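Just below is one structure, and these are the notes that go with it.
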Amino acid sequence: MKFPMKPFQNIEAVLFDLDGTLIDSAPDLGSAADKLRTDRGQTSLPLENYRPMAGAGARGMLGVALGLSPEHPDFPLLREEFFVNYENCLTERTYAFAGVEELIEQLLQRKMLWGVVTNKSKRFTDPLTHSMPLFATALAIVSGDTTAHAKPHPEPLFEAARRLGLAPERCLYVGDDERDIVAGLAAGMGTVAVSYGYLGQKSDIASWGAHATIHAPADLLQLLK
């Protein structure tokens, strides 16, 4: 665990990215993408092919499943087919990472507020978070289409801070993607990168510029003492 140069001070809330930080949705995302292949008579790919790109949304999933980029003329149609597939399975095999529920419990015991800022669209964020008891105590859930901008723009983080009634500098932002750290820094928040997420094993996290890096959810508590 990389600690910040000085302990985080005066933090009243923790905001989290969703996929790859709080929950592992790769099995359902991968299944939805793989159905595009099998429906076309192609062989199924293993989950591990999809997992590293699970945080990249339709662009990442269609890239793995069919080798398509957003510039391909068929991309919009296939993206919507992927979305429908995902809607039909988005809670089947998605679960909170080990230690996340205990982390949230500890934050609540410390009287800390918490919320979610994700680039996942509201179309998926709402049914997913409503289906999981974990999110019952989240006081702000901001999706990728809640504001006019998505991360790495800081506006979604500003919106979450407004919903919590806090200045951005009173919030910590935790995520598993470089864009999370870029957004958090731009919003003036303390930033924590997680190495257990989708990109953690394949990226140079140190280059992201986060104030701290953790390797398990419980590590975050050490930064809030």
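What the table shows:
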| read-out | value |
| --- | --- |
| Residue within the range 75-93 that is under 21 Å from Gly184 (Cβ atoms), of a type outside the set (S, T, N, Q) and assigned to a helix (DSSP H, G or I) present | no |
| Residue list for the range 107-141, filter: in contact with a Gly (Cβ under 7 Å, 6 or more places away or on another chain), closer than 22 Å to Ile181 by Cβ and among the hydrophobic types (A, V, I, L, M, F, W, C) | Ala138, Ala140, Ile141 |
| Any hit, the range 126-134, residues being free of Cβ contacts under 8 Å to residues at least 12 places away in the same chain and farther than 23 Å from Gly30 by Cβ | yes |
| Pair list, Cβ under 6 Å, 6 or more apart: the range 17-44 residue more than 14 Å from Met61 (Cα to Cα) and in contact (Cβ under 8 Å) with a residue 24 or more places away in the chain, other residue part of a loop (DSSP other than H, G, I, E, B) and among the aliphatic types (A, V, I, L, M) | none |
| In the range 157-192, the residues that are over 18 Å from the mean Cα position of the chain (by Cα) and modelled with pLDDT under 95 | none |
| Qualifying position, being out of contact with any strand residue (DSSP E or B) (no Cβ under 9 Å at 6 or more places or on another chain), free of Cβ contacts under 8 Å to residues at least 40 places away in the same chain and farther than 19 Å from Ala56 by Cβ, among Glu80, Glu105, Glu71, Glu92 | Glu105 |
| Failed criterion for Leu15 (all others in (1) surrounded by fewer than 17 Cβ atoms within 10 Å (Cβ to Cβ); (2) modelled with pLDDT of 95 or more hold) | (1) |
| Residue list for the range 167-219, filter: surrounded by 18 or more Cβ atoms within 10 Å (Cβ to Cβ), among the small types (Gly, Ala, Ser) and part of a helix (DSSP H, G or I) | Ala183, Gly184 |
| Residue within the range 109-117 that is assigned to a helix (DSSP H, G or I) and surrounded by fewer than 15 Cβ atoms within 10 Å (Cβ to Cβ) present | yes |
| Test set (1) in a loop (DSSP other than H, G, I, E, B); (2) buried (at least 18 other Cβ atoms within 10 Å of the Cβ); (3) not β-branched (Val, Ile, Thr) - Leu128 fails condition number | (1) |
| Selected residue (only one of Gly99, Gly115 is small (Gly, Ala, Ser), within 23 Å of Leu221 (Cβ to Cβ) and more than 15 Å from the chain's Cα centre (by Cα)) | Gly99 |
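The values are calculated or read from the model by the stated rules, or taken from the named source; none is laboratory data. Keep in mind that this is a model prediction, so the values were computed, not measured. Note that each Cβ is placed from the backbone with ideal geometry, even for glycine, and that neighbours are counted across all protein chains shown.
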